[in-house]
Amino acid sequence: MEDLTNITDEELRRVIQTVRTIDDIDLGQFQPVILRHRICRFAVLQGYESVSKLVEKLISDRSLIHIFLQKIAVPTTEMFRDAEFWTELEAIITDKLSAERFIKIWVPDICGDDELNTLLVILSRNNLMHKATIYATSQFQQAIDDSRDSYIDTKKFEISDANFKRINSDNSLLPYLERLDKYYKFSPTLLDKVIFIKQNLGKDTPPDKGFNLILFRNRCIYYNPTTRRTAIEKIGQSLMPGGYLAIGSGENLDETDQQSMLVQVSKNEKIYKKKQ
C-alpha cells in the first residue's frame, strides 16, 4: 500500500487537474500542505490504497467528486464562535453602519453556513435586514447549496445557542430557527435575503463594489501566497471608503497591497476600516 502521508508533487498536480477538469474547481489555490493532508485523510477514510486509485475513481464515478469536494473544503463549526469577535463586529454594525441608508455586505468563500447565519442574526436583532444587501460567494457549489438550505443538527444547535447566550444571556437562537424532526432549519425568511453566487475568489470579478462590510474571517490561512494576495487585493478594492473588513485574529494583511489602505480598528480581532 502506498504511503498516503507522503503525496508527491506530481500526485498533487494530478488531483488538482482532475478536479479542475471535472468540476472547474481550482484546488491549486490552497496551501499545498493543507491540501495534501485533506486528500490523504479522504483517501484513507474511503479505503483507497493510493492517490492513483483515488484519481481513477474520481474520473469513473462523477458522483464521488461532490463528496470529495465537501470533505476537502474547510468548514466552519458553529454560530457565534469567538464571542469577542462577534461582540466587536456587532458594535461596529450598530454604531457605525446602522445610520447608512443602505448596507451592502459580502461574505466571500463561504464553506459552511455558520458565519453567514451569525451575521444574519445580528442584522435581524438590530432591525437592519430591511436595508441590507448581502452577497455570499464560493467556488464550491455544495457550500452554496448547504448554506442556502442551512440544516443544523441538535448538537450543533446546542453549542451555537450556548455561544449566543455568552453574548446575550437572556436570549436564544430559537426564534431564528424552525424545529424539524431531528434537526433545525435556519430561518428561510432571512436566507431569502442573501444573494448566493458561485465564484472563484482568486479569478473571478467580485459580485459588486462599494461594500460597507466584508466578512472574510480566518479564510486566507488556507490559501497559497499568490491567491491570498489576489483575494485581499480584490476585497480591499471592493470596500467603499469608510467600509470595514473583518478577517479574524488568525489573519493579517502583511505583504499585501491593501495594508496601506486600511486602518486597524480592532487589534485583537483584526477588523479594519478603509481610509476615506
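The numbers here are math on the coordinates, done by the rules we state, and not lab data. As the structure is a prediction and not an experimental result, all values here were calculated from the model. Cβ: placed from backbone, ideal geometry, glycine included. Neighbour counts: every protein chain shown.
What number, in percent, do you get for the relative contact order of the stretch 9-72 if the mean sequence gap of Cα pairs under 8 Å and at least 6 apart is divided by its residue count?
37
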Report task. Hand me the trypsin sites (Lys or Arg not before Pro) from the stretch 67-121 located in a DSSP loop with no more than 15 other Cβ atoms within 10 Å, in residue order please. Result -> R101
Query raised in the report: Excluding same-chain residues fewer than 8 positions from K274, which lysines have a Cα within less than 24 Å of its Cα?
Result: K96, K104, K131, K203, K209, K234
Query raised in the report: Which is the longest part of the chain that has none of the GluC sites (Glu not before Pro) sitting in a DSSP loop with at most 13 other Cβ atoms within 10 Å?
Result: 50-254
Requested in this report: Please tell me the relative contact order of the stretch 140-276 in percent, rounded to the nearest whole number, where contacts are Cα pairs under 8 Å and at least six residues apart.
Outcome: 18
Report task. Mind listing the long-range amide H neighbours of T133? Cut-off is under 5 Å, sequence gap 5 or more, other chains count too, H placed in the peptide plane at 1.01 Å from N. Result -> I103, K104, I105
Query raised in the report: Separation of the stretch 1-70 and the stretch 186-243 by C-alpha centroid, Å?
Result: 26
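Kirkwood hydrodynamic radius, computed over distinct alpha-carbon pairs, for the stretch 1-116: how many Å, to one decimal?
Numbers: mean 1/r = 0.0597 Å⁻¹.
Computed over the stretch 1-116, the radius equals 16.8 Å.
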Report task. Sequence neighbours fewer than 8 away in the same chain don't count; with that in mind, list the aspartates and glutamates whose C-alpha is under 12 Å from K155. Result -> E78
Report summary line: Relative contact order in percent for the chain (Cα pairs under 8 Å, 6+ apart) equals 17
